[in-house]
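Q: There's a structure below that I have some questions on.
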Amino acid sequence: MKWTDEYNEAIIRIYYKITQCEKNKIAYRKLLHQEFINQFPHLSHLTEQRISDQRRLILHKKYLSVDRLELIKNDLQEQHNDIQANDNSILQIGITDNEDPDTESLDLNAENHTTNENENLHREKIIAIDEMFAKALEYFANTNPTERQFIPKQRSSKKLSKIVAYTAKLNLKHFRI
């Protein structure tokens, strides 16, 4: 595969966007890979490692000029600043429109709204877990154990233990094999 300037620029542009112009370099590789593959689906065979290596080569071997790198970085900073300016103006408009509201009723409404959002989010998660469990049970219950794919060992975590406890408590009584 030949790495063109278009691919190299896309990698750098995505890298600067994800890392906020190199202000936050933590765990960018997976997002870099996903965004690059979304932009160039025909290159889906490239691994996360290969795209990260290419980013490093672009910077160290100067596949793109320093001027071009600075231009890309400045473009992204301007876009980021424009977005922040729009967000700030929207917040200021919202603040000036509200003239001395009744704070007690606002607090109650906010509390009820937050509770409703949490309940809806909890229901959505439960529905997603139920659907995933039903699909997995259907797949694994109807296959020969010696012929099905290997099930990788799960890392222990609080989230995993909560999911297992939930499925054991509620779902297993509905799904009898």
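The values are calculated or read from the model by the stated rules, or taken from the named source; none is laboratory data. Note that the coordinates shown come from a computational prediction; the quantities given were computed from them, not determined experimentally. Here Cβ is always computed from backbone atoms with ideal geometry, including for glycine, and neighbour counts include all displayed protein chains.
Q: Looking only at the stretch 154-161, decide whether some residue is in a helix (DSSP H, G or I), modelled with pLDDT of 75 or more, more than 22 Å from the chain's Cα centre (by Cα) and on the phi < 0 side of the Ramachandran plot. Explain how you work it out, then say what you get.
A: If we filter the stretch 154-161 for residues that are in a helix (DSSP H, G or I), which is where we start, we get 158-161.
Now narrow it down to the ones that are modelled with pLDDT of 75 or more: 158-161.
Narrowing further to those that are more than 22 Å from the chain's Cα centre (by Cα): 161.
If we keep only those that are on the phi < 0 side of the Ramachandran plot too, we end up with 161.
For the stretch 154-161, residues in a helix (DSSP H, G or I), modelled with pLDDT of 75 or more, more than 22 Å from the chain's Cα centre (by Cα) and on the phi < 0 side of the Ramachandran plot: present.
Q: Could I ask something else about it? Could you count how many residues in the stretch 11-30 are at pLDDT 90 or above, hydrophobic (A, V, I, L, M, F, W, C) and surrounded by fewer than 17 Cβ atoms within 10 Å (Cβ to Cβ)?
A: 0
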